[in-house]
Amino acid sequence: MTRLDKLVSDKLNITRSQAKALIKAGSVSVNGTAVLSCDFKCGDSDSVFANGSPLDTREYVYIMMNKPQGTVCSTDDKDCKTVIDLLPDDMRRKGLFPAGRLDKDTTGFVLITDDGELAHRILSPKSHIVKTYIVTLDKPVTDEIISDFEQGMTLGEERLLPAKLTVMNGSTARVEISQGIYHQIKRMFKKHGLTVTALRRIKMGGVFLDENLSEGECRYLTDSEVGELCK
Ligand code: URA
């Protein structure tokens, strides 16, 4: 349960005293009735309106974005558009951040949330959540590369966990990795003399990127998708 003035201030991105003034002016209703006390407690199931518009009372949100090329996975950047900049106004709220990073030129599934605990679980080196990518290369994949991926290759000093590489056609392949090392896929192919020319994440854990989302678009995850990610 959250205090009404805190909820209004968080969701409308206004100061606590501005929120108190709105409440005292009778502009905030809970379940159809104007509430004038700032310390009134409300929860996820309450329907809260301010100035006639509904407020999102969910504690956390989980957003699937189809990241376009040229955007960065951070909350702000002085030179580049971030995935947060791409959120439509009605999905914006305080505290949203991308859970994990794709390179600037990588496209596809980015999870944006304000649930630090879930993000921590997904990103923890111990979590080993499988991330699936479609990769395009400048040369065809060989059996030797597939077997090096499968065995858990060494990259510099580091021994990687086994990864699955499935050729789709010619120089396009599906890669499944369960770690999140810097430029991991590009470096895994570079080791074998191949250059990644396009990389797209299509799945995280059991959740597929929604094919109906064009690049730059996003939608909320369903409850069952959130459940899949928590598994
Ligand atoms: N591996 C990479 O090399 N880049 C990404 O963006 C994701 C995985």
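The values are calculated or read from the model by the stated rules, or taken from the named source; none is laboratory data. In this text, all values refer to a predicted model and were calculated from it rather than measured experimentally. Positions of Cβ are backbone-derived with ideal geometry, glycine not excepted, and every protein chain shown enters the neighbour counts. Remember, those area values only see protein heavy atoms, side chains included, never the ligands or the DNA or RNA. Shrake-Rupley method; radii C 1.70, N 1.55, O 1.52, S 1.80 Å.
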For a Förster distance of 25 Å, can you work out the FRET efficiency between the beta-carbons of residue 41 and residue 92, rounded to the nearest 0.05? 0.50
Summing -39500 (n - 2.57) over the DSSP H runs of n ≥ 4 in the chain and dividing by its residue number, what mean residue ellipticity at 222 nm do you reach, to the nearest 500 deg cm²/dmol? -6000 deg cm²/dmol
With springs only between Cα atoms under 10 Å, which of 76, 89, 138 fluctuates most in a Gaussian network model of the chain? 89
Considering the chain as a Gaussian network with a 10 Å cut-off on Cα pairs, which listed residue, 142, 132, 82, attains the greatest mean-square fluctuation? 142
When a/c is below 1.5 the answer is rounded, else prolate if a/b is larger than b/c, else oblate, so apply that to the chain with a ≥ b ≥ c taken from the square roots of the Cα gyration tensor eigenvalues. prolate
For the stretch 1-40, report the % of Cα-Cα distances exceeding 13 Å. 41 percent
Taking the simple approach of a point 7 Å from Cα along Cα-to-Cβ for both residue 198 and residue 210, what is their distance in nm? 2.3 nm
Once all protein chains are kept in place, residue 40 shows an accessible area at probe 1.4 Å, nearest 10 Å², of 80 Å²
Summing +1 for each Lys or Arg and -1 for each Asp or Glu, what net charge is found among the other residues whose Cβ lies under 15 Å from the Cβ of residue 78? -2
Assuming R0 = 25 Å, can you tell me the calculated FRET efficiency for the pair residue 17 and residue 51, based on Cβ-Cβ distance, to the nearest 0.05? 0.90
Neighbours of residue 40 by Cβ distance under 10 Å: Lys/Arg at +1, Asp/Glu at -1, summed charge -1
With the chain treated as a Gaussian network of Cα nodes joined by springs under 10 Å, which of 156, 70, 180 yields the largest mean-square fluctuation? 156
Residue-span extension gain [residue 219 to residue 81] - 0.36 nm each, minus C-alpha spacing: 47.8 nm
Counting Lys +1, Arg +1, Asp -1, Glu -1, what net charge surrounds residue 20 among other residues with beta carbon under 14 Å of its beta carbon? +1
Starting from the Cα of residue 230, move 7 Å in the Cα-to-Cβ direction to define the label point; list residues of the stretch 48-82 whose amide nitrogen is under 14 Å from there. 59-62
